[in-house]
1. For the ranges 331-339, 136-144, 101-109, 23-31, what's the packing order if you count other beta-carbon atoms within 10 Å of each residue, average per peptide, and put the highest first?
2. How far, in degrees from 0 to 90, does helix 237-247 lean away from the longest principal axis of the Cα atoms of the chain, to the nearest 10?
3. Using the heavy atoms of the protein chains alone and a 1.4 angstrom probe, what is the accessible area of the chain per residue in square angstrom?
4. Write down Rg/Rh for region 199-300, rounded to two decimals, with Rg from the C-alpha atoms and Rh from the Kirkwood relation over Cα pairs.
5. Using the Karplus equation 6.51 cos²θ - 1.76 cosθ + 1.60 (θ = phi - 60°), what ³J(HN,Hα) coupling, rounded to whole Hz, does each residue of region 188-198 give in order, writing x for Gly and Pro?
6. Express the Stokes-Einstein translational diffusion coefficient of region 129-206 in µm² s⁻¹, to the nearest whole number, given a Kirkwood radius over alpha-carbon pairs, 10 °C and a viscosity of 1.306 mPa s.
7. For region 277-283, just list the computed ³J(HN,Hα) in residue order, Karplus coefficients 6.51, -1.76 and 1.60, θ = phi - 60°, integers in Hz, with x standing in for Gly and Pro.
8. Out of the total accessible area of the chain (probe 1.4 Å, heavy atoms of protein only), what percent is carbon and sulfur?
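The values are calculated or read from the model by the stated rules, or taken from the named source; none is laboratory data. Remember, predicted model here, so these are calculated numbers, not experimental data. Using ideal geometry, Cβ is built from the backbone for each residue, glycine included, and neighbour counts are taken over all protein chains shown. Side chains included, ligands, DNA and RNA excluded: accessible areas come from the protein's heavy atoms. Shrake-Rupley method; radii C 1.70, N 1.55, O 1.52, S 1.80 Å.
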Amino acid sequence: MKVPPDVESWLNLSLINGLGDESIRKLLIAFGSPTEILSADTYQLERFVKKQVAYNINRGADKSKVDAALKWLEDSSNFIITLADHDYPKLLLNIADPPPLLYLKGQRKLLNAPALAIVGSRNATPQGIANAGAFAEAASNAGFCIVSGMAQGIDTAAHQGGLRGISASIAVVGTGLDIVYPARNRELAHLLAKDGALISEFPLGMPALGRNFPRRNRIISGISLGCLVVEATLHSGSLITAKQALEQGRDVMAIPGSIHSPLSKGCHTLIKQGAKLIENIQDILDELNCQPVLAHGNINVTIDFSESQENSILLPHLGYDVTDIDTICTRSGLTVEAVSSMLLTLELDGIVASLPGGRYQRIR
């Protein structure tokens, strides 16, 4: 597939050594297009960038990097979306620092679909993962493309739920799109490339660097109408996404949890600060002032976690907090043998999850 000359110019400009996004935007305002910038002399360029950067622009980008990107674009599922492209996310144009271009693998039509960001802890609880997947699927069926960062835990569950629904999912990654990170999400990345999309502002070959992940979070919130935080500690990167969402004028929502769980502290803090407390999908629709988009005749827009064994005598003594078996025995008055047997049955039914250290948590 032949790459249009303007796209190649954008690509060359973006790969100039030492030239950052802010400087690119300044140059675009001054010169009008990447082609004009690349054709300008050093004297003209020095009015807007440092002398060394102006020299780098005149010298041009690393040819091997440009050729690698052009080779990557030969795959019909790969795209470069620039600020001048009609498919560039309209919501992203309104943030303070939109990336000059995006690398995209998958369905480019999703870039301007109504979207909901769902983020949370990498070290999520079973309940958090269940919530993320269920809310993502329901929101996808209600017409929202689910956006997250493809990390382990909540992000992964959100993408999986979005793909199960009718509206798919977008992963905004912090590496080049020729790298899958984390590697264990390789299968998920293939599913997203086929039925959803992966996007990155970083060039091919960019490894997983810690400083890039907070930066990519502004895109997660920037292309979304709202941001739902499922589980987060007080120092979670998800709170960075929520903060950026607020700065971008997006709605921020959070799911509450146990007052004893460190993974609920971040969500509770957000709620105290004014985030919408979310208990079901209708809360999200109300907050975003949206009605569900009906497809295939029927969608489920409620989350039902009712257990299948309501008459189990153990469930009233087993809360949603993480609990050890001795505490359960004390509450219920039952023997260790009886409680262990019941817990095994409940675990097989998907109502209870066993955790390290002989602890248990009700997840439905």
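1. Per-residue Cβ counts within 10 Å, averaged per peptide and sorted highest first, yield 136-144, 101-109, 23-31, 331-339.
2. So the helix axis and the longest Cα principal axis differ by about 60 degrees.
3. It amounts to 47 Å² per residue over the chain.
4. Here Rg/Rh amounts to 1.04.
5. Calculated HN-Hα couplings, in order: 4, 4, 5, 5, 5, 5, 7, 10, x, 7, 10 Hz.
6. Calculated translational D: 132 µm²/s.
7. In residue order, the calculated couplings are 6, 10, 10, 7, 5, 5, 4 Hz.
8. The computed percentage sits at 52.
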